[in-house]
Structures are given as C-alpha cells and as structure tokens.
Amino acid sequence: MRLRNIPGAKEAVSASALVWQEAAALEQRGHWQEIFTEEKPLHLEIGMGRGLFITTLYKQMPEFNFLGLEIREEMVLQTLDRLKDSPVPDNLRFLWLNAARLDELFAPNEVERIYINFPDPWPKSRHAKRRLTALPMLDIYEKILVPGGQLRFKTDNQALFDWSVENFVSAGWHLENVTHDLPLEQTVALTEYEKRYRGHGLPICGLLAWKK
Ligand SMILES: C[S@@+](CC[C@H](N)C(=O)[O-])C[C@H]1O[C@@H](n2cnc3c(N)ncnc32)[C@H](O)[C@@H]1O
C-alpha cells in the first residue's frame, strides 16, 4: 500500500478515545470486553488498512464487538475519518500496534473470529516469517481464539494463498470454502484492496479456517 505521510497523524490517532496503543493494550489483556458497552463475541481484523471492511461490518453485525488492528498511524487516521459523521460506535475500537505481539495482547480464548484481508505478501523467501500466515502466527491465532473460533483469510496473491493453505493444513487447522475465485456474494464486506482488484476483474482467493 502506498504510504502517504499525513502530518499530525500520530498526534490525532493518539488523542482518539477509540484507539488503544501498545502500553494500554497490553494492560487490557484478558479484559477486552470492558472497553465495549456490552459484552459480545469479539472479532479482530489484523492489518485493517484504511478500514473499509471493519467500518462496514460493525454496522452489519451489531451482535459482535470489533477490534481493528493496524500498525500505521496514517491508516488508523483514515479509518477514524470514515466514522466522523456517524455516532460513536458501541462495538468498534482500534489497536494501533504491531500484530507480532498478539499473544501478549489477548488471553487464551479471548477472540471469536479473526479476519486477515490482503496482508502484505512479503514475496522474498527470506522475509517469509513476516507473513501474517507464517506458522508462528498461526500458533498465536490458535491460542487466542475460542474453541471453535474461526479465521477468515482473503488475498489476491495466489502464491501467498497456496503457501498459507499448506501452513494451515500442517498446523492441523480445518479448512472450508478454499477457493482461488471467491464469489462476490460470499464476501461479507469489501476491503479497500478487494474493491480495487475486483474492479480490475481479478480473482480473489479465500478460505475459512477452524481452530483444531
Ligand atoms: C496490503 S494492506 C491491506 C489493507 C486492508 N486489509 C485491505 O484489504 O484493504 C496490509 C495492511 O496491513 C498492515 N500491516 C502489515 N503488517 C502489520 C503488522 N505486523 N501489524 C499490524 N498491521 C500490519 C499494513 O500497514 C497495511 O495497512
């Protein structure tokens, strides 16, 4: 994603009552429900970018609480901008931090569903460990998901997708709806990248993974 430097983004994101940074987030481990108005199953999107997906979903699915996680402040700021003309959401909050520390941020069984949409592919094999579907990350997801919790993964990158499928299988996850051409009707909400790729007629890979 092209990185646009937005002057004042750090300050604006830090000042938002909807955003948790690392230190505060670490203290919230095991108690994420307390930051929402009501206790509801928790859905986490990792690498939400400019937030089109999660800011659609929280309205479509008010029966869940949503956390959108993103490392770049410019992206978090643009996500916050999407909400500026809406009432403050009861069931949507944001984490501005690196997903690598996820197991320190969530207690075991704290998350009901994880969404990973169009993650950075890190195509060079020496960078494979940075991919969000690398085996050590799958181990973390498995720990923080509730029994029966699921992970939904979408990408345009077939090589990353096939590599990820192998990882899920070797880590013992159950897979469903594994496809190199996800029909638009089966996508719960579009992401920014998905909108762009579908607009160019490109196929989208997708899968649903269940914790073993
Ligand atoms: C290719 S973009 C996709 C954005 C969005 N999910 C979409 O589909 O439009 C990947 C996003 O993941 C974020 N990201 C990458 N690595 C991350 C990490 N370790 N922790 C949190 N966010 C990360 C990037 O900053 C970027 O916004």
> Among the residues of the range 135-153, is any in a loop (DSSP other than H, G, I, E, B), surrounded by 12 or more Cβ atoms within 10 Å (Cβ to Cβ), touching a residue at least 24 places away in the same chain (Cβ under 8 Å) and touching a helix residue (DSSP H, G or I) at 6+ places or on another chain (Cβ under 6 Å)?
Replying inline: no
>> Looking only at residues that are in a loop (DSSP other than H, G, I, E, B) and touching a residue at least 40 places away in the same chain (Cβ under 8 Å) in the range 62-75, which one is farthest from the ligand (Cβ to nearest atom)?
In response: PHE64
> Only one residue in PHE106, PHE53 is under 25 Å from PRO136 (Cβ atoms), surrounded by 22 or more Cβ atoms within 10 Å (Cβ to Cβ) and either away from the ligand (no atom under 12 Å from the Cβ) or free of Cβ contacts under 8 Å to residues at least 12 places away in the same chain (or both), so which one is that?
Replying inline: PHE106
> List pairs: first in the range 190-212 and free of Cβ contacts under 8 Å to residues at least 40 places away in the same chain, second more than 14 Å from the ligand (Cβ to nearest atom), Cβ under 8 Å, 6+ apart or cross-chain?
Replying inline: ARG198/LEU184
> Would it be correct to say that VAL169 is within 16 Å of the ligand (Cβ to nearest atom) and among the aliphatic types (A, V, I, L, M)?
Replying inline: no
>> So LEU145 ticks every box in (1) under 25 Å from MET75 (Cα atoms); (2) within 14 Å of the chain's Cα centre (by Cα); (3) at pLDDT 95 or above; (4) not small (Gly, Ala, Ser) but one. Which box is left unticked?
In response: (1)
>> Between ARG113, ARG93, ARG131, ARG101, which is basic (Lys, Arg), under 24 Å from LYS211 (Cβ atoms) and surrounded by fewer than 17 Cβ atoms within 10 Å (Cβ to Cβ)?
In response: ARG101
> Which residues, taken from the range 28-49, are within 16 Å of the ligand (Cβ to nearest atom) and crowded, with 21+ Cβ neighbours inside 10 Å?
Replying inline: HIS43, LEU44, GLU45, ILE46, MET48, GLY49
>> Can you tell me which residue is nearest to the ligand (Cβ to nearest atom) among those in the range 1-23 that are over 19 Å from the mean Cα position of the chain (by Cα) and in a helix (DSSP H, G or I)?
In response: ALA9
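The values are calculated or read from the model by the stated rules, or taken from the named source; none is laboratory data. Worth saying up front: this structure is predicted, and the values here are computed from it rather than measured. Counting neighbours? That spans all protein chains shown, and the Cβs are built from the backbone with ideal geometry, glycine included.
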